[in-house]
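The values are calculated or read from the model by the stated rules, or taken from the named source; none is laboratory data. Keep in mind that this is a model prediction, so the values were computed, not measured. Please note: Cβ atoms are built from the backbone with ideal geometry, for glycine as well, and neighbour counts cover all protein chains shown. In case anyone asks, the SASA skips ligands and DNA or RNA and just uses the protein heavy atoms, side chains included. Shrake-Rupley method; radii C 1.70, N 1.55, O 1.52, S 1.80 Å.
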Amino acid sequence: MTTKPARIHLIAKGSLPLSPAELTALGLGIEFHDFVSPLVLDSPEVGLERYEGLFPEHFPRAVHGALFDLTPASPDPRIVEVTKLRYEQSLAVAHALGAKTLILHSQFNPPLMETYGEQIIAMQLDFWKEFLTLAEEKDVTIMLENVFETSHHYLLELLERVSSPRLCHCLDVGHVLAYSTEPLETWTEKLAPYLKYIHLHETTRPRDEHRPPSEDFIKRVGRAIAHLPNSPVVSLEYVYEDYAADEVKRVQDVFKSI
């Protein structure tokens, strides 16, 4: 049984949780959260300069992209235009940082999906088929992250219909706990061909608290990903700034104990 993550990523938000040398020695990667704000994306230079020259070429990096008030599937073309702009800015940041992975929210609104699901899927399909040509040019893979979805169905349908190695899935296990009517195990089973990245944190429904995961929950995640064709990257998406190295060891030891 394979339960060990392909790699663990730590979150960088204004500063690194460990030095580049420590990250390298521990075999870790980084997920940058500095650039989710539209104000930062309009002037990303300071954030980019902060990390310039810190990492070797093949150091594993990911970027969390723009997320506020966006949707690729709006009947208002101005909304889609702004969404495309913010996603293009996010893609440019990922490229500038040397990141091969860009995490973007799926932007599915469950109540709207119940009524307009077919139209929303069709508009998302058109958007991603065009946008992924830009991702291909930058050599970046997009990971669509579940947020408010109550089930896996619409995300799976979109990924199947796009059918591109440049569009995969970031499973946020805390969002599953907070919002989904399906268990975690259903998500990992149904989205297995596309699941390449995980945001790890724990919460109490219906809040999105981003708490450190318990040992039992880490084990549950480990068992749920054991059948995947490729072990995903696991990004620790909670607060651990003062004890990052100890927290990485704790999570690794729990995964190894399964």
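Annotation: of all residues in the range 105-119 being touching a helix residue (DSSP H, G or I) at 6+ places or on another chain (Cβ under 6 Å) and not hydroxyl-bearing (Ser, Thr, Tyr), the one that is surrounded by the fewest Cβ atoms within 10 Å (Cβ to Cβ) is Met113. Taken over the range 141-174, the criterion of being under 13 Å from the mean Cα position of the chain (by Cα), surrounded by 22 or more Cβ atoms within 10 Å (Cβ to Cβ) and in a loop (DSSP other than H, G, I, E, B) is satisfied by Asn146 alone.
So which of Thr188, Thr203 is over 14 Å from the mean Cα position of the chain (by Cα) and within 25 Å of Ala12 (Cα to Cα)? Before the answer, list the steps.
On the way: Thr188 fails: within 25 Å of Ala12 (Cα to Cα).
The unique qualifying residue is Thr203.
Restricting Asp69, Asp76, Asp42 to those that are at positive phi and acidic (Asp, Glu) reduces the list to Asp69. Against the definition (open to solvent by 50 Å² or more (accessible area, probe 1.4 Å), over 26 Å from Lys84 (Cα atoms) and modelled with pLDDT of 95 or more), how does Glu137 come out, yes or no? Criteria not met by Glu137. Filtering the range 28-76 to residues that are open to solvent by 10 Å² or more (accessible area, probe 1.4 Å), touching a His at 6+ places or on another chain (Cβ under 8 Å) and free of Cβ contacts under 8 Å to residues at least 60 places away in the same chain leaves His33, Val36, Leu67, Leu70. In the range 92-103, the residues that are under 13 Å from Arg166 (Cβ atoms) form Cβ pairs under 8 Å with partners that are part of a loop (DSSP other than H, G, I, E, B) and open to solvent by less than 20 Å² (accessible area, probe 1.4 Å), at six or more places apart or across chains, as follows: Ala94/Gly65; Ala94/Val140; Lys100/Val140; Thr101/Val140; Leu102/Gly65; Leu102/Val140.
In the range 195-213, which residue that is part of a loop (DSSP other than H, G, I, E, B) and open to solvent by 50 Å² or more (accessible area, probe 1.4 Å) is farthest from His153 (Cα to Cα)? Checked the range 195-213; the qualifying residue farthest from His153 (Cα to Cα) is Pro212.
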